[in-house]
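Undergrad: One structure coming up, written as structure tokens, with questions to follow.
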Amino acid sequence: MSKLFLLLGILVICATAALAFAVADAPAVGSVAPDFALTTNEGNQAALKDFRGKWVVLYFYPKDFTSGCTLEAHNFQTDLAKYQAAHAVILGVSVDTAESHKSFCAKEGLAFKLLSDTDTKVSDAYGSLMEYSGMKLSARNTFIIDPQGKIAKVFMKVSPGGHSAEVLAALASLQKP
């Protein structure tokens with residue numbers, strides 16, 4: 001029986017260490033958000049510094065046209081007026097091409113920018129790079145960046161269904177005087 005408890009204890013320690021390692025790669029709350037310049041679904045370059053003075057919801061997602069990613073994008077789109085009222089912009093990032101993003105936005109009626117991270121550098125800088133079936137994809141994580149360019153809130157391994165409401169609530173809390 002004591003061997004079983006020892007084994008369970010080791011498993012818990014390993015699982016906790018693995019989780020801590022995965023979260024440690026993400027920029028911490030209060031740190032300066034890693035800057036970037038990526039191609040948008042419109043074919044233009046967008047850099048994080050272009051949005052200084054506004055709140056930025058930077059969300060990473062695995063793949064255009066998949067069920068969870070479509071649900072998450074639809075929810076952000078449905079709440080877009082609420083984000084605009086909160087002086088926040090939404091930027092979605094995946095490793096898909098700008099052309100894929102353009103098609104995804106057109107098909108799904110998305111009016112916010114999707115950014116193409118084909119070289120995976122931005123996903124990696126935000127601790128949001130994962131491997132699935134031998135492919136590198138962006139992990140479903142979200143960062144709220146304040147108007148000064150600092151990380152204000154981090155959401156790791158989010159569930160796409162209620163995530164937009166969760167982000168709006170966090171924004172409201174962060175913006176309280």
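Undergrad: Tell me the Kirkwood radius of region 79-177: reciprocal of the mean inverse pair distance over distinct alpha-carbon atoms, in Å. Don't skip to the end; give the middle numbers.
TA: Details: mean 1/r = 0.0681 Å⁻¹.
Evaluated on region 79-177, it is 14.7 Å.
Undergrad: If the cut-off is a Cα-Cα distance under 16 Å, which lysines reach Lys102, setting aside same-chain residues fewer than 8 apart in sequence?
TA: Leaving aside lysines fewer than 8 places away in the same chain, those within reach of Lys102 are Lys63, Lys113.
Undergrad: Angle, helix 67-78 long axis vs. longest principal axis of the chain, Cα atoms, 0 to 90°, nearest 10?
TA: 50 degrees
Undergrad: Could you list His74, His163, His87 so that the one with the fewest beta carbons within 10 Å of its beta carbon is first and the one with the most is last?
TA: On the way: His74 15, His163 18, His87 12.
So the residues, fewest neighbours to most, are His87, His74, His163.
Undergrad: Considering every Cα-Cα pair within the chain, what fraction, in whole percent, is farther apart than 27 Å? Working shown, then result.
TA: Working: 4092 of 15576 pairs.
Counting pairs separated by more than 27 Å, the tail of P(r) holds 26 percent.
Undergrad: How about region 57-162: which trypsin sites (Lys or Arg not before Pro) there lie in a loop by DSSP and see at most 13 other Cβ atoms within 10 Å? Could the numbers behind the result be given before it?
TA: On the way: sites: Lys63, Lys82, Lys102, Lys107, Lys113, Lys121, Lys136, Arg140, Lys150, Lys153, Lys157; in loops: Lys63, Arg140, Lys157.
Counting only loop positions with at most 13 other Cβ atoms within 10 Å, the trypsin sites (Lys or Arg not before Pro) in region 57-162 are Lys157.
Undergrad: Compute the helix-to-body angle for 98-108: its Cα long axis versus the longest principal axis of the chain, expressed 0 to 90° and rounded to tens.
TA: Rounded to the nearest ten degrees, it is 80.
Undergrad: Further, regarding this structure: Can you compute the helix-only [θ] at 222 nm over the chain? Use -39500 (n - 2.57) per DSSP H run of at least 4 residues, normalise by all residues, nearest 500 deg cm²/dmol.
TA: Numbers: 6 runs with 69 residues, N = 177.
Taken over the chain, the calculation gives -12000 deg cm²/dmol.
Undergrad: Shape call for region 37-91 from the C-alpha gyration tensor, a ≥ b ≥ c root eigenvalues: rounded (a/c under 1.5), prolate (a/b greater than b/c) or oblate? Walk me through the numbers on the way to the answer.
TA: Numbers: a/c = 2.32, a/b = 1.19, b/c = 1.95.
Cα axes put region 37-91 in the oblate bin.
Undergrad: Roughly what angle does helix 2-24 make with the longest principal axis of the chain, taking Cα atoms, 0 to 90 degrees, to the nearest 10?
TA: Result, in degrees: 20.
Undergrad: Please compute the contact order of the chain in relative form: average sequence separation of alpha-carbon pairs under 8 Å and at least six residues apart, divided by the residue count, as a percent. Write out the running numbers ahead of the final one.
TA: On the way: 304 pairs, mean separation 50.9, N = 177.
Answer for the chain is 29 percent.
Every number here is computed from the coordinates shown, using simple stated rules; none is lab data. It should be emphasised that the depicted structure is a prediction, and the values quoted were computed from it without experimental measurement. Neighbour counts run over all protein chains shown; Cβ positions are idealised from the backbone, glycine included.
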